[in-house]
1. Name the residue that is farthest from the chain's Cα centre (by Cα), counting only residues in the stretch 107-133 that are farther than 18 Å from VAL224 by Cβ and buried (at least 21 other Cβ atoms within 10 Å of the Cβ).
2. Look at the stretch 212-234 and say how many of its residues are over 23 Å from LEU101 (Cβ atoms) and in contact (Cβ under 8 Å) with a residue 40 or more places away in the chain.
3. Scan the stretch 271-306 for residues that are among the hydrophobic types (A, V, I, L, M, F, W, C), more than 22 Å from ILE7 (Cα to Cα) and surrounded by 17 or more Cβ atoms within 10 Å (Cβ to Cβ) and jot them down.
4. If you check ILE307 against the conditions, is it out of contact with any strand residue (DSSP E or B) (no Cβ under 9 Å at 6 or more places or on another chain), over 27 Å from PHE117 (Cβ atoms) and assigned to a helix (DSSP H, G or I)?
5. Are any residues in the stretch 28-60 among the hydroxyl-bearing types (Ser, Thr, Tyr) and farther than 20 Å from PRO121 by Cα, and if so, which ones?
6. Filter the stretch 199-232 down to the residues that are under 21 Å from PHE20 (Cβ atoms) and either among the aromatic types (Phe, Trp, Tyr) or touching a Phe, Trp or Tyr at 6+ places or on another chain (Cβ under 8 Å) (or both) and list them by number.
7. Any residue in the stretch 78-91 that is within 25 Å of LEU187 (Cβ to Cβ), in contact (Cβ under 8 Å) with a residue 24 or more places away in the chain, out of contact with any strand residue (DSSP E or B) (no Cβ under 8 Å at 6 or more places or on another chain) and of a type in the set (A, V, I, L, M)?
8. Identify, by number, the condition in (1) more than 17 Å from the chain's Cα centre (by Cα); (2) over 23 Å from ILE180 (Cα atoms); (3) at pLDDT 90 or above that ALA40 doesn't meet.
Amino acid sequence: MSGSIIIQQLFNGITLGGLFALIALGYTMVYGIILMINFAHSEMFMVGAYVGLGVLLLLTNEETIARVTEALPFMSWLEPASAWFTGSTAGLITLFAIVFLVAMVSIGLLGVTIERFAYRPLRHAPRLAPLISAIGVSIFLQNAVLLWIDSKPIPFPAVFPVKPFITIGGATLNSLQFAIIATAIILLVALDQFVARTRMGKAMRATSQDRDAAGLMGIDINRVIMLAFFIGPAFGAVAGVYWGMYYGTVIFNMGFVPGIKAFTAAVLGGIGNLRGAMLGGFVLGLVESLSAGFISVAYKDVIAFAILILVLLFRPGGLLGEAVMEKV
């Protein structure tokens, strides 16, 4: 077995793990605060990819720009702006900053809207009711994209310059993989510090431990839950845009498999535990990549879920345990 192949699969696995970790945080944040599995999260990841694609086409694609300026003449500034976005390093940095910012804010607001109208009225209902509501929202979002956009895969513009970034023993980590890993780590660390050190982060932890007591202490529970529903989908949107860039296409049902695997990663690390979601994402990405490279692509999902079953059998709380305080 060549050492370069092992290193290459490790690079691939860490990249995939970063994407899984970003998606898994949405599941674990919502569960940690209101003990609910938000199955619509995977579709918000998918919608985030489409939003990123739309912004990227609007700012760089000549055909899209021509149609927009024909309908809206005041948007004629898009044509010279497009040349700047794609013609310089500063332009590319600005371009992707805009793409990710618009995707994060849009999907974050979508998450808040879904929480307000689909989940909040069911907050005191039996736990099965919000779960069914989440599945309904998931089906709605997937079919909305299917009917209103397209049922076929849409190519993601190859605007990001993919070049070798690090070469070790014949294995290469390209610039896009490095960007995915770096972005995932930065966002994960930033969220961890936000929850650990800020006033709102402490409010989130208090709400997670005892919602009623937190409310009696003056914490705005609705605001805390809305923030969780904003941050989780926003991180999922980042993963969605990167997923489209990495695999080259987006499609209306692209959220299902990554969503299930990200949920698996959250459970693997300890659902409700932010650091557990990070660890579970990277572990699952490495397991999947190494399984595909050295055993069989056909068995990579089987092996990943078999490991999940073993973890649940021997450590039901996950690798780092659930972040849930026992009430005495």
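The values are calculated or read from the model by the stated rules, or taken from the named source; none is laboratory data. Bear in mind the structure is a predicted one, so any value in this text is a computation, not a measurement. Note: ideal-geometry Cβ built from the backbone for every residue, glycine included; neighbour counts use all protein chains shown.
1. Taking the candidates together, the pick is SER133.
2. Taking the stretch 212-234 and keeping what is over 23 Å from LEU101 (Cβ atoms), we get 212-222, 224-225.
Narrowing the set further to residues that are in contact (Cβ under 8 Å) with a residue 40 or more places away in the chain leaves 222, 224-225.
Going through the stretch 212-234 one residue at a time, the tally reaches 3.
3. Restricting attention to the stretch 271-306, the residues satisfying the condition of being among the hydrophobic types (A, V, I, L, M, F, W, C) are 271, 274, 277-279, 282-284, 286-287, 290, 292, 294-295, 297-298, 302-306.
Filter once more, so that each one left must be more than 22 Å from ILE7 (Cα to Cα): 271, 274, 277, 302, 305-306.
Across the stretch 271-306, the qualifying residues are ILE271, LEU274, ALA277.
4. Numbers: out of contact with any strand residue (DSSP E or B) (no Cβ under 9 Å at 6 or more places or on another chain): yes; over 27 Å from PHE117 (Cβ atoms): yes; assigned to a helix (DSSP H, G or I): yes.
In short, yes.
5. We begin by selecting, within the stretch 28-60, every residue among the hydroxyl-bearing types (Ser, Thr, Tyr); these are 28, 31, 42, 50, 60.
Selection gives THR28, SER42, TYR50, THR60.
6. Initially, the stretch 199-232 is screened for residues under 21 Å from PHE20 (Cβ atoms), giving 228-232.
Matches in the stretch 199-232: PHE229, PHE230, GLY232.
7. We begin by selecting, within the stretch 78-91, every residue within 25 Å of LEU187 (Cβ to Cβ); these are 85, 89-91.
Pick out the ones that are also in contact (Cβ under 8 Å) with a residue 24 or more places away in the chain and you get 85.
Next, only the ones that are out of contact with any strand residue (DSSP E or B) (no Cβ under 8 Å at 6 or more places or on another chain) stay: 85.
Applying the additional criterion that residues be of a type in the set (A, V, I, L, M) yields none.
No, every residue in the stretch 78-91 fails to be within 25 Å of LEU187 (Cβ to Cβ), in contact (Cβ under 8 Å) with a residue 24 or more places away in the chain, out of contact with any strand residue (DSSP E or B) (no Cβ under 8 Å at 6 or more places or on another chain) and of a type in the set (A, V, I, L, M).
8. Answer for ALA40: the failing condition is (1).
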